Number of protein chains: 2
Amino acid sequence: MKIGFVQMRPVLGDTAANIKKITSLIEDIGDADLVVLPELCNSGYNFKTGESAFKAAEEVNGSQFIRRLEELCKQFNFHIVSGFNERDNDRLYNTAVLVGPGGYIGKYRKLHLFLNEKDLFAPGDVGLPVFDIGTCKIGMLICFDWIFPEVWRVLALKGADIICHPSNLVIPGLCQRAVPIHAVTNRVFVVTANRIGDEDDLTFTGLSIIADPRGEVLSQASSDREETAAVEVDISKARDKNATARNHLFDDRRPEEYNRINKK
Amino acid sequence: MKIGFVQMRPVLGDTAANIKKITSLIEDIGDADLVVLPELCNSGYNFKTGESAFKAAEEVNGSQFIRRLEELCKQFNFHIVSGFNERDNDRLYNTAVLVGPGGYIGKYRKLHLFLNEKDLFAPGDVGLPVFDIGTCKIGMLICFDWIFPEVWRVLALKGADIICHPSNLVIPGLCQRAVPIHAVTNRVFVVTANRIGDEDDLTFTGLSIIADPRGEVLSQASSDREETAAVEVDISKARDKNATARNHLFDDRRPEEYNRINKK
């Protein structure tokens, strides 16, 4: 199958403009099977008030943004994972949604909120779901989640073949160095779709990346241009957890020893 | 404090030669406070029979090798973490020992045995101890342990400031790329002391590395020369787990969500 990303500069607070931009960029990708879009790409990121963030959010049910993703998935017969500023009654969540040709499938809500996101969003409360879309199993993380090794591990142990990682990264290059390491230690594919551009005091760092279960970088975008990429991957490589003929990375784990209490 | 490594080519099955070589190399380091030596550097690595591995091993009590490390620690007033082919009655362990100016302190036994090590050594059975040596807290991992993110995390959560990582790495450069990522995600210092040279069909990859809690590489050795390095570090940087003013990497963890079972 072919997996890819859209790297873009969302327009703050303008869902219609973001839908238009995504539509235009996604047409570049062509025959991909899975496309990952950046964090909060329906709304932009750097809201200065809860009110402005709220105005730019939508509920999953009835979302114009998700409806458009559904149309694109149907038109191109692929799946999309996209960042989504999600309203749920009086709360906002920094969410990633999974959509396919048959419509909306499911969501993940960011577990680890970064800096001022803590003023705008409620922390994730749906755990770390893994979705079987037939060709592969998909897990999702969002941006700053990358620095918590637990979440990559939990998704891999639950059977995720591809971890889709919508992002609005601001620390130059650090996550992009970590992604291939999380990929190789968990033997999964990772697609980090980052955004570019500035919003007020923040500069987003691009360098969107696709890494494979051996820690190789299959594709990496520029730091400052809107662009897309898609690469052919063999999902069976994510299901082979053997680091050597005698080392299965999951079976070799020693949880009983990790938890051993040592007497001084 | 100053932390460093010895990168060397041990002589297979010749403890006396290895003691001599370590003594000579360690005199280069001068005023370090903590020196890390490679995996199994008392004995070499690539034993073809259990008998030859057994002959090159020592029990901790009565070990000539550890006695010599104790003398060096006393002479230079520093601590050493060293790989150690350890005999315990009729078993061998791939062990790391911590020795200080006051003598032997404690040990770690490799939890994840690599390839044919499974024929020679018993798997580790002392968990993941952390030792407080006054100036800092020390955890130990050995070589292939690097690919299991759990062990870095457990040591960091137990308070390790420095993770000492005696190694005999054979996969070119992969662990050395991962070490700064494990360092930054856990906000610890890491010292990977690797060996060089060949033993039969194996080539060891050198590139010993010291990484800091921000993921920076403070020192890296060549791939093929015996050498030493030591760098001044500020241990308080390993005790500051704040990634931002509002993101404490341990307090922000969401273990209740990591374990959430999702209803389909």
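The values are calculated or read from the model by the stated rules, or taken from the named source; none is laboratory data. If you're wondering where the values come from, they're calculated on a predicted model, not measured in any experiment. Here Cβ is always computed from backbone atoms with ideal geometry, including for glycine, and neighbour counts include all displayed protein chains.
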When you go through (1) buried (at least 17 other Cβ atoms within 10 Å of the Cβ); (2) within 14 Å of chain A (Cβ to nearest Cβ) one by one for residue B:104, which number turns out not to apply? (2)
Residues (of a type in the set (Gly, Ala, Ser) and in contact with a Leu (Cβ under 9 Å, 6 or more places away or on another chain)) located in segment B:1-41: B:4
Is it the case that residue A:206 is at pLDDT 95 or above, over 23 Å from residue B:178 (Cα atoms) and out of contact with any Pro (no Cβ under 7 Å at 6 or more places or on another chain)? no
Within segment A:153-179, track down each residue that is without any contact (Cβ under 8 Å) to a residue 24 or more places away in the chain and either at positive phi or polar (S, T, N, Q) (or both). none
Could you list all residues from segment A:217-264 that are touching a helix residue (DSSP H, G or I) at 6+ places or on another chain (Cβ under 7 Å) and farther than 21 Å from residue B:154 by Cα? A:217, A:226, A:228, A:230, A:243, A:246
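Any residue in segment A:186-206 that is assigned to a helix (DSSP H, G or I) and either facing chain B (nearest Cβ under 10 Å) or out of contact with any Phe, Trp or Tyr (no Cβ under 9 Å at 6 or more places or on another chain) (or both)?
Checked segment A:186-206: at least one residue is assigned to a helix (DSSP H, G or I) and either facing chain B (nearest Cβ under 10 Å) or out of contact with any Phe, Trp or Tyr (no Cβ under 9 Å at 6 or more places or on another chain) (or both).
One line per residue, one yes/no per condition, for (1) among the basic types (Lys, Arg); (2) within 13 Å of chain A (Cβ to nearest Cβ); (3) buried (at least 21 other Cβ atoms within 10 Å of the Cβ):
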position: B:76; (1), (2), (3): no, no, no
position: B:82; (1), (2), (3): no, no, yes
position: B:114; (1), (2), (3): no, yes, yes
position: B:124; (1), (2), (3): no, yes, yes
position: B:128; (1), (2), (3): no, yes, yes
position: B:153; (1), (2), (3): yes, yes, yes
Quick check on segment A:55-106: of everything there that is of a type in the set (S, T, N, Q) and over 15 Å from the mean Cα position of the chain (by Cα), which residue is farthest from residue A:14 (Cα to Cα)? A:77
May I ask you to say which residue of B:100, B:124, B:62, B:106 is in contact with a helix residue (DSSP H, G or I) (Cβ under 6 Å, 6 or more places away or on another chain) and of a type outside the set (Ser, Thr, Tyr)? B:100
Would you pick out the residues in segment A:207-220 that are assigned to a loop (DSSP other than H, G, I, E, B), under 15 Å from residue A:184 (Cα atoms) and touching a strand residue (DSSP E or B) at 6+ places or on another chain (Cβ under 6 Å)? A:212
Just need a number here: residues in segment A:221-264 that are part of a loop (DSSP other than H, G, I, E, B) and either more than 14 Å from every other protein chain (Cβ to nearest Cβ) or modelled with pLDDT under 95 (or both). 16
Identify, from the list B:183, B:160, the residue that is in a loop (DSSP other than H, G, I, E, B), surrounded by 21 or more Cβ atoms within 10 Å (Cβ to Cβ), more than 10 Å from chain A (Cβ to nearest Cβ) and not charged (D, E, K, R). B:160
